[in-house]
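Remarks on the structure that follows.
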Amino acid sequence: MTTTLITVAPTGAENRKTDVPALPVTLDELVTTARDCEAVGASVIHVHLRDDKAEPTLDPGRLTDAVAALRESTGLIVQLSTGGAVTDPEADRLRVLDARPDMASCTMGTVNFGDDVFLNRWEFIVELHLRMQERGIVPEYEIFDLGQLTTLARLLDKHGLPAGGHVHVDLVMGVPGGMPGTVAAVAACEAAIKDLPAGTTFSATGIGRSSLPVLLASLAAGGHLRVGLEDTVTYAKGQPVESNAQLVARASGFARLAQRPPMSADQARDLLGIARV
Ligand code: KMH
Ligand code: ZN
């Protein structure tokens, strides 16, 4: 791997605007963030939306508008979250696909999520996978624990490859209840990914303090990167993150140092099997 795919996850569903003023919560803020992040090396944007009160929403109209606005203003690959917030019903999460993004997340199992439960039943996973296959939406398989890679192998075995034919996973590490954000965990996942279809790629993100160890371990293991305020609100001890672009710029810098500079959105489309728009 000679280049690095950098995904920005700018908002998420968990952090509050009142606690994290840099969080993009309006469509304008999202588009501005997206442009800024593209300029410093992001090629994919993982999108969660907020409503007028800055609370998480899966409102279909807002999702459709966001996809259109991001496509108009950036060349980024638009990936909508089907994970939503832990309280979102399955039907609303499935309906996210109606907004016709380039990509959507698809989590490979249930995980304790702090004091909550992020529920992803096998039947729900299959439904998401099949609907994405039908509609030509490329999944990013979200992995919160090692065994979820085995679930992915089972899914692909029973239901075939995703749209685009390429398998890409994102390791979400350091969630309280999931796998830790450690070098050992990245290495264990990398070994398990070798059992998935040839050419499977992975990115990794570490929540909170595990952000930098996971970033460095992923680069060293030939993986790609996800950064953003969804996962990390502290840049360094006592220093809040100023913007998503600050995190993307840092990730790009590390990627360049590792002799694997950020890939363009077009290169990322080729890698992931996403048609150019
Ligand atoms: N907000 C989490 C409960 C995803 O976007 O697909 C789920 C999540 C995963 O963020
Ligand atoms: Zn997410």
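Descriptive notes on the structure:
- Applying the condition of being within 16 Å of the chain's Cα centre (by Cα) and without any contact (Cβ under 8 Å) to a residue 60 or more places away in the chain to the stretch 170-185 and asking which residue is nearest to ligand 2 (Cβ to nearest atom) yields V172.
- The residues in the stretch 26-53 that are farther than 30 Å from R260 by Cβ and in contact (Cβ under 8 Å) with a residue 40 or more places away in the chain can be counted, and the count is 1.
- For the stretch 69-82, the condition holds for no residue, the condition being that it is farther than 20 Å from A268 by Cβ and either aliphatic (A, V, I, L, M) or surrounded by fewer than 17 Cβ atoms within 10 Å (Cβ to Cβ) (or both).
- All positions within the stretch 109-125 that are more than 14 Å from ligand 2 (Cβ to nearest atom), among the aliphatic types (A, V, I, L, M) and surrounded by 14 or more Cβ atoms within 10 Å (Cβ to Cβ): L119, I125
- Residues located in the stretch 139-168, provided they are within 18 Å of V186 (Cβ to Cβ) and either touching a Gly at 6+ places or on another chain (Cβ under 6 Å) or outside any loop (DSSP other than H, G, I, E, B) (or both): E140, Y141, E142, I143, F144, D145, G147, Q148, L149, T150, L152, H168
- When residues of the stretch 7-32 are limited to those that are hydroxyl-bearing (S, T, Y) and part of a loop (DSSP other than H, G, I, E, B), the one surrounded by the fewest Cβ atoms within 10 Å (Cβ to Cβ): T18
- Here A245, A251 are screened, and the one residue that is closer than 30 Å to D115 by Cβ, of a type in the set (G, A, S) and in contact (Cβ under 8 Å) with a residue 40 or more places away in the chain is A251.
- For the residues S218, S264, the requirement of being closer than 28 Å to D36 by Cβ and either within 16 Å of ligand 1 (Cβ to nearest atom) or surrounded by fewer than 24 Cβ atoms within 10 Å (Cβ to Cβ) (or both) singles out S264.
- Hits in the stretch 186-224 - residues which are in contact (Cβ under 8 Å) with a residue 60 or more places away in the chain and either farther than 16 Å from A258 by Cβ or part of a strand (DSSP E or B) (or both): T201, S203, T205, H224
- One residue alone among V44, V40 is over 21 Å from D88 (Cβ atoms), within 14 Å of ligand 1 (Cβ to nearest atom) and surrounded by 17 or more Cβ atoms within 10 Å (Cβ to Cβ), and that residue is V44.
- The stretch 54-94: number of residues that are in contact (Cβ under 8 Å) with a residue 40 or more places away in the chain, under 15 Å from E230 (Cβ atoms) and not in a loop (DSSP other than H, G, I, E, B): 2
FYI, it's all coordinate maths here, none of it is from the lab. Values in this document were obtained by computation on a predicted structure and should not be read as measured data. Neighbour counts run over all protein chains shown; Cβ positions are idealised from the backbone, glycine included.
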